[in-house]
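S.K.: Okay, handing you the structure first.
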Amino acid sequence: MDAQSTGAYGRAYARSSTDPEGFWLAAAALVDWDKPPARALEDAGAPLYSWYPGAELNTSFNALDRHVAAGRGDTAALVYDSAMLGTVRTYTYAELLAEVERFAGVLRGLGVGPGDRVIIYLPMIPEAVIAMLATARLGAVHSVVFGGFAPRELAARIDDAGPAVIVTASGGLEPRRTVEYLPAVAEALKTATHRVNAVVVAERAGFAGTREEYDGTGGAAWYAWDALAAVAEPAGPVPVAATDPLYILYTSGTTGSPKGVVRDNGSHAVAMAWSMENIYGVGPGQVMWTASDVGWVVGHSYIVYGPLIAGATSVLYEGKPVGTPDAGAFWRVAAQHGVNVLFTAPTALRAIRKADPGAAEPGNYDLSRLRHLFAAGERLDPATLQWAQAALGVPVIDHWWQTETGWAICANPVGLEQLPVKAGSPTVPVPGFAVRVLGPDGKQVPAGTEGNIALELPLPPGTLRTLWGSDERYRAAYLEVFDGYYATGDSGYLDEDGYLFVMGRTDDVINVSGHRLSTGAMEQAVGSHPAVAEAAVIGIADPVKGQRPSGYVVLKTGIEIDPEVLRAELVEQVRSQIGPVADFKDVFVVDALPKTRSGKVLRKTMRQIADGVPHTVPSTIEDPDVLEALTAVLRPSSAQSRSTQSRSAQSRPGES
Ligand code: COA
Ligand code: AMP
C-alpha cells in the first residue's frame, strides 16, 4: 500500500503516480538544458525506459558554470577537510570550475572525447571530484573504483569498461598505513587484457612509488597531473543527449563478476536536483556533508553531483569517524564547516557510539547549524538511531537505496514534509518509486507480511539505465525475476501506514561497514587455495560493522595444515584478490557443508544459525547430520572474539 499523507509529501507522491509525465517534466525545470525536453518518458523499449528523449545538456555545466553565471562564483563549492593531513582547502565555484575546465583540457589532449571511458582510482582528495566533473564536461563516461579494492578488481573493471585513460594518485592515507596506488594500477594494467592509452597521476608527497618508475607499464604513458594541467587548454562543456551515459559504477552481485550500473546524464541531473530540494531540503547557501567515499554511489550522488547541481557547499572528508584523531571527528568537521545536513552510514555511528557511548563529544562542538542526520547503506538499527538522536538533538533519518537506483527509494522527505519517524524503517516511498512486496509467486502480499521488495516499472529518473555492455544481463538480473517489476534483492514488509521495513537481502550479497560485497567473489578467492576442496562464505551479524564475512572451508582429502596458517593464507588471498575492504578475517575448517539434494549450499540456514535467529531446515536437505555438526561451529562464532575463532572451529583436517 502507498503511504497516506495529505501534506506536501502525499500530494507530491499522488501526482508522481497519477501524472508521472507532468511531474517529471516539471522537475526537469530544475536543470539547465541545451535542448529542453519536450516529454519525459519514452517507453518504446520497455522494460528498458528512457527519460527525456531528444533533450540535451551537460552535467558539469549544471554543477558549475550555471552557478558562476548566476553570480555565485565566490560561494564555496567544495571544502576538502583532511583529518589525515590536518588541512582544509576550500574551492569556490569559480575556482572549482577553473580546475575542471583545465583537467577536461588535459583529458581532451589525451584523446578523450564523448562516450570514451575514464577510470578514476583516487582517494578522497579534490582531484577525484575534479576528474569526475572534467570527464562529464567532455561527454565522456567515468567509472570510479574505490581505493580499497585490489588490483584484480581494478583489472576486471578495466576490462569491462575499456577506458582510454586512468586517473590515479600516488596513494591514499589510512590511519595505520599508507596505500600505494601506483603499484596497484601497474599490476591491474598487466593483468587486464584491455590496453589504456594513458595514466594520469596526481602526485602526493610521502609515497614510495613514483610515476617515472611506472611510466610505460601496460603500454601506457604515465603523466603527472600538474605538468599536463599547467599547459592544458581549458575545455568547455560538451552538450550530450540526456540518455547518454554519465558514469558506470560497479557493484557487487551474487557472482564474482561485478555489475556496471549505467547512469545517464539528463534524468540523473533531474533526480539529483529534485532530491536535494525535496528529500534533504538543501539548496544554495547551505552545507551538506556526506561522510562516505567517492568510490560508492552515496559519494557520487551526495558528495559530488547532488550538492553541486543544487548550488550548495559540499564537504569532502578524508578521514574516519573514529581514530582521526578521536570519536569527536565528525562533530569537529560539522561544526567547523557549518554543516546543515550530515549523511553517513550507520556503521560509522556505531563506531562513534562504541568509542563515546555517553555522547560526551558532541557537547564539545557548536552543532547549532546541524538540522538533520541522514543514514543509509544498511539498516539503521533502533538503538543507534536513538543514541544519535539523543546525542545530537536533531532528527535522524534512515533512508534506503542502492547503487542501482542512485538515490533514495524510501526516505523521510524532510524537504517536502517531515513525517513521523518509526525506528527500524526508512519511512515511505519517494515520489516516482512504486514499492511493492511480493510473494514467491510474484503476487503482492498483505501489509505486515515479509516478502521480496520490488519496484513497479518504470523506475523514476536517475535510476540505472542498464548494465554496461549488457541489456540482457540487466533484464535477467533485475527485470525478469518478477514480471513488470525491478527486483531489489532486498526483503522486507510494508506496514499499515505504508512505511517500509527492510529486513535483509534475498541473495548472497552482504553489507560490511556499509560496503556491499559479494560472498560469491570471496568464495572464489578462498576456493582457489590449493588446500581447499570447497568453501562457503556467509555474512554474520557484527555489532559495529553490521555484518562481517565468515568463511567455512572443507579441506581436500589428505591435506594436513595448521588452521592458523591456513587462516592467514586465506585472509591474504581474499585481501589480494578482492581487497582489504572485504575485511575477511574469520575462517573455520569444517568436515562438510550442508547442502540440498541438488547440491546448493544452505547459506541462509547457516547464517540464521550463526545469528541465533529462528531458521527452518529445507525438506530437500541432503544430510541433516552435516548441518547438526556445523551448528556447533556456527553458534559460538557470533559470540567469540576473532582471535579464538579458528582454533575453536578446528575440526579434523583431511576427513572430507
Ligand atoms: N583504500 C585502501 N584501503 C582501505 C580503504 C581505502 N579507501 N578504505 C578502507 N580500507 C581498508 C582499511 O585500511 C582496512 O584495512 P586493514 O584490514 O589493513 O586495517 C580495511 O579496508 C577495512 O577497513 P574499514 O572498513 O574502514 O574498517 P575499519 O575497522 O578500519 O573501520 C569503520 C570501521 C566503521 C570506522 C569504517 O568502516 C567506516 O568508517 N565505515 C563507514 C563506511 C562508509 O562510509 N560507507 C559508505 C556507504 S554509505
Ligand atoms: P549499495 O548498492 O552498496 O548502496 O547497497 C545497497 C544495499 O544496501 C541495499 O540493497 C540494502 O540491502 C542495503 N541498504 C542500503 N540502505 C539501507 C537502509 N537504509 N536500510 C536497509 N538496508 C539498506
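The values are calculated or read from the model by the stated rules, or taken from the named source; none is laboratory data. From a predicted model like this one, the values you see are computed outputs, not experimental measurements. Glycine gets a Cβ as well: all are built from the backbone with ideal geometry, and neighbour counts include every protein chain shown. The protein model used for the area step is the full one, side chains on, heavy atoms only, and it has no ligands, DNA or RNA in it. Shrake-Rupley method; radii C 1.70, N 1.55, O 1.52, S 1.80 Å.
S.K.: Which one is farthest from residue 148 (Cα to Cα) among residues in segment 552-575 that are within 15 Å of ligand 1 (Cβ to nearest atom) and surrounded by 17 or more Cβ atoms within 10 Å (Cβ to Cβ)?
M.R.: Here is the first cut: in segment 552-575, the ones within 15 Å of ligand 1 (Cβ to nearest atom) are 567-568, 570-575.
Right, trim to surrounded by 17 or more Cβ atoms within 10 Å (Cβ to Cβ) and you get 567, 570-571, 573-575.
Numbers: 567: 21, 570: 18, 571: 15, 573: 15, 574: 12, 575: 10 Å.
Restricting to residues being within 15 Å of ligand 1 (Cβ to nearest atom) and surrounded by 17 or more Cβ atoms within 10 Å (Cβ to Cβ), the top hit is 567.
S.K.: List the helices (runs of 4 or more DSSP H) inside segment 591-656, counting only whole elements, that have at least 1 residues being surrounded by fewer than 14 Cβ atoms within 10 Å (Cβ to Cβ) and modelled with pLDDT of 85 or more.
M.R.: 624-637
S.K.: Do any strands (runs of 3 or more DSSP E) lying entirely in segment 172-277 carry at least 1 residues that are within 16 Å of ligand 2 (Cβ to nearest atom) and open to solvent by 10 Å² or more (accessible area, probe 1.4 Å), and which ones are they? Even if it seems obvious, please write down each step before you answer.
M.R.: Values: elements: 177-180, 198-202, 221-224, 245-251, 259-264.
Answer list for segment 172-277: 245-251, 259-264.
S.K.: Out of 65, 32, report the one residue that is in contact with a helix residue (DSSP H, G or I) (Cβ under 7 Å, 6 or more places away or on another chain) and outside any loop (DSSP other than H, G, I, E, B).
M.R.: Values: 32 fails: outside any loop (DSSP other than H, G, I, E, B).
Criteria check complete, one pass: 65.
S.K.: In the list 600, 585, 604, 595, which residue meets the criterion of being of a type in the set (Lys, Arg), under 22 Å from residue 631 (Cα atoms) and in contact with a helix residue (DSSP H, G or I) (Cβ under 6 Å, 6 or more places away or on another chain)? Steps first, answer last, please.
M.R.: Working: 600 fails: in contact with a helix residue (DSSP H, G or I) (Cβ under 6 Å, 6 or more places away or on another chain); 604 fails: in contact with a helix residue (DSSP H, G or I) (Cβ under 6 Å, 6 or more places away or on another chain); 595 fails: in contact with a helix residue (DSSP H, G or I) (Cβ under 6 Å, 6 or more places away or on another chain).
Step by step, each of 600, 585, 604, 595 is checked, and only 585 is of a type in the set (Lys, Arg), under 22 Å from residue 631 (Cα atoms) and in contact with a helix residue (DSSP H, G or I) (Cβ under 6 Å, 6 or more places away or on another chain).
S.K.: Given the criterion within 16 Å of ligand 1 (Cβ to nearest atom), crowded, with 24+ Cβ neighbours inside 10 Å and of a type outside the set (Asp, Glu), identify the matching residue among 157, 152.
M.R.: Working: 152 fails: crowded, with 24+ Cβ neighbours inside 10 Å.
Just a single option satisfies the conditions, and that option is 157.
S.K.: With 385, 342, 370, 349 as the choices, which residue is touching a Pro at 6+ places or on another chain (Cβ under 8 Å), within 27 Å of residue 406 (Cα to Cα) and in contact (Cβ under 8 Å) with a residue 12 or more places away in the chain? Walk me through how you get there before you give the answer.
M.R.: Details: 385 fails: touching a Pro at 6+ places or on another chain (Cβ under 8 Å); 342 fails: touching a Pro at 6+ places or on another chain (Cβ under 8 Å); 370 fails: touching a Pro at 6+ places or on another chain (Cβ under 8 Å).
Step by step, each of 385, 342, 370, 349 is checked, and only 349 is touching a Pro at 6+ places or on another chain (Cβ under 8 Å), within 27 Å of residue 406 (Cα to Cα) and in contact (Cβ under 8 Å) with a residue 12 or more places away in the chain.
S.K.: Picking from 413, 440, 426, 431, which residue would you name as being at pLDDT below 95 and in a loop (DSSP other than H, G, I, E, B)?
M.R.: On the way: 413 fails: at pLDDT below 95; 426 fails: at pLDDT below 95; 431 fails: at pLDDT below 95.
Residue meeting the stated conditions: 440.
S.K.: Among the listed residues 544, 565, 590, identify the single one that is of a type outside the set (Gly, Ala, Ser) and under 30 Å from residue 622 (Cβ atoms).
M.R.: Details: 544 fails: under 30 Å from residue 622 (Cβ atoms); 565 fails: under 30 Å from residue 622 (Cβ atoms).
None of the other options fit; the residue is 590.
S.K.: Exactly one of these conditions fails for residue 128: (1) in a helix (DSSP H, G or I); (2) more than 14 Å from ligand 1 (Cβ to nearest atom); (3) among the small types (Gly, Ala, Ser). Give me its number.
M.R.: (2)
S.K.: Another one. Could you tell me which of the residues 263, 353 is modelled with pLDDT of 95 or more, of a type in the set (D, E, K, R) and closer than 24 Å to residue 413 by Cα? It would help to see each step written out before you state the result.
M.R.: Values: 353 fails: closer than 24 Å to residue 413 by Cα.
The match here is 263.
S.K.: Then there's this: Please pick out the residue among 484, 498, 462 that is on the phi > 0 side of the Ramachandran plot, touching an Asp or Glu at 6+ places or on another chain (Cβ under 6 Å) and either open to solvent by less than 40 Å² (accessible area, probe 1.4 Å) or within 16 Å of ligand 2 (Cβ to nearest atom) (or both). Lay out the reasoning, then the answer.
M.R.: On the way: 484 fails: touching an Asp or Glu at 6+ places or on another chain (Cβ under 6 Å); 462 fails: touching an Asp or Glu at 6+ places or on another chain (Cβ under 6 Å).
Only one candidate passes the filter, namely 498.
S.K.: Now, a different point. Those residues that are of a type in the set (Asp, Glu) and either surrounded by 21 or more Cβ atoms within 10 Å (Cβ to Cβ) or farther than 20 Å from residue 288 by Cβ (or both), I need them from segment 394-451; list them, please. Quick ask: steps written out before the conclusion?
M.R.: Here is the first cut: in segment 394-451, the ones of a type in the set (Asp, Glu) are 398, 404, 417, 441, 450.
Hits for segment 394-451 are 398, 404, 441, 450.
S.K.: Considering only segment 54-75, state which residues are farther than 11 Å from residue 133 by Cβ and open to solvent by 30 Å² or more (accessible area, probe 1.4 Å).
M.R.: The initial filter retains those residues of segment 54-75 that are farther than 11 Å from residue 133 by Cβ, namely 54-57, 66-75.
Residues satisfying the conditions are 54, 56, 66, 68, 69, 70, 71, 72, 74, 75.
S.K.: Would you check if there is a residue in segment 98-111 being among the basic types (Lys, Arg) and in contact with a strand residue (DSSP E or B) (Cβ under 6 Å, 6 or more places away or on another chain)? Can you show your working first?
M.R.: Kept after step one, since they are among the basic types (Lys, Arg), are these residues of segment 98-111: 102, 108.
Those still in the list that are in contact with a strand residue (DSSP E or B) (Cβ under 6 Å, 6 or more places away or on another chain) too: none.
No, every residue in segment 98-111 fails to be among the basic types (Lys, Arg) and in contact with a strand residue (DSSP E or B) (Cβ under 6 Å, 6 or more places away or on another chain).
S.K.: While we're looking at this one, here's another question. Among all residue pairs at least 6 apart or on different chains, which show Cβ distances below 6 Å where the first residue, located in segment 401-426, is within 21 Å of residue 381 (Cα to Cα) and among the hydroxyl-bearing types (Ser, Thr, Tyr) and the second is open to solvent by 20 Å² or more (accessible area, probe 1.4 Å) and not in a loop (DSSP other than H, G, I, E, B)?
M.R.: 425/501
S.K.: Name the residues in segment 493-551 that are assigned to a loop (DSSP other than H, G, I, E, B) and either within 16 Å of ligand 1 (Cβ to nearest atom) or within 20 Å of residue 295 (Cβ to Cβ) (or both), would you? Write out each step before concluding.
M.R.: Here is the first cut: in segment 493-551, the ones assigned to a loop (DSSP other than H, G, I, E, B) are 495-499, 506-508, 513-514, 528-531, 543-545.
Residues satisfying the conditions are 513, 514, 543, 544, 545.
S.K.: Of 295, 311, 283, 299, which residue is more than 18 Å from residue 346 (Cβ to Cβ), open to solvent by less than 20 Å² (accessible area, probe 1.4 Å), modelled with pLDDT of 95 or more and within 16 Å of ligand 2 (Cβ to nearest atom)? Spell out the reasoning first.
M.R.: Details: 311 fails: within 16 Å of ligand 2 (Cβ to nearest atom); 283 fails: within 16 Å of ligand 2 (Cβ to nearest atom); 299 fails: more than 18 Å from residue 346 (Cβ to Cβ).
The match here is 295.
S.K.: Give just the number: which of (1) under 20 Å from the mean Cα position of the chain (by Cα); (2) surrounded by fewer than 21 Cβ atoms within 10 Å (Cβ to Cβ) does residue 344 not satisfy?
M.R.: It fails just one condition, (2).
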